[in-house]
Amino acid sequence: MSKMFCPNTTFILVSKGQTRPITDLWIGDQLVDGKVKSVKRHAQTDDTLYVYDGVRVAGKTPVWEGNEWIMVRESTRATPLIRGAVCSSFETDSHRIYILNRHGRVIEFGDSFLYGIKPELLNKENM
C-alpha cells in the first residue's frame, strides 16, 4: 500500500490554480489535470519519509526532476526524516499530483498508481 504525502504544509493544486490542504481532498475532487479517483489515509510505517523541497513525502514516490522520473529517495534535493507519521495517498485520472511547496514552486509527483514503480519503466513509457 502506498503512503505518499504527509499533511504538514502540503497543498495540492486544484482547478483554477487554487490550492487545498491535502487533508481536504476527497474522491471526485477536481485537480489541475484530472479528478481524484481514490483517497487513503494511514500510518506511514514501511517507507522512510523525506523532505523534498519542503514537501513531506515517502521515499518511493516518483517525482519529475531534470526531465525524468526518479524516486524521491534518490534525489539530492531530498532529506530523510522519520517513520510513523499519518500520510495520504491518491490516485488521479492523470496519475499526476501537483504540489505547491512553501517557496511557491510547483512540484510534479506521480500518484499512488505509480508509487514504487521503477523510474526507468516510467521514463521508458513516457508516463
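Computed from the coordinates by the stated procedures, all read-outs in this text should not be read as laboratory data. All figures in this text were calculated on a predicted structure; none of them were measured in a lab. Note: ideal-geometry Cβ built from the backbone for every residue, glycine included; neighbour counts use all protein chains shown.
Taking the fewest neighbouring Cβ atoms within 10 Å as the starting point, the ordered list for Trp69, Trp64, Trp26 is Trp26, Trp64, Trp69. Counting neighbouring beta carbons within 10 Å and listing from fewest to most, the residues Asp111, Asp53, Asp24, Asp33 come out as Asp24, Asp33, Asp53, Asp111.
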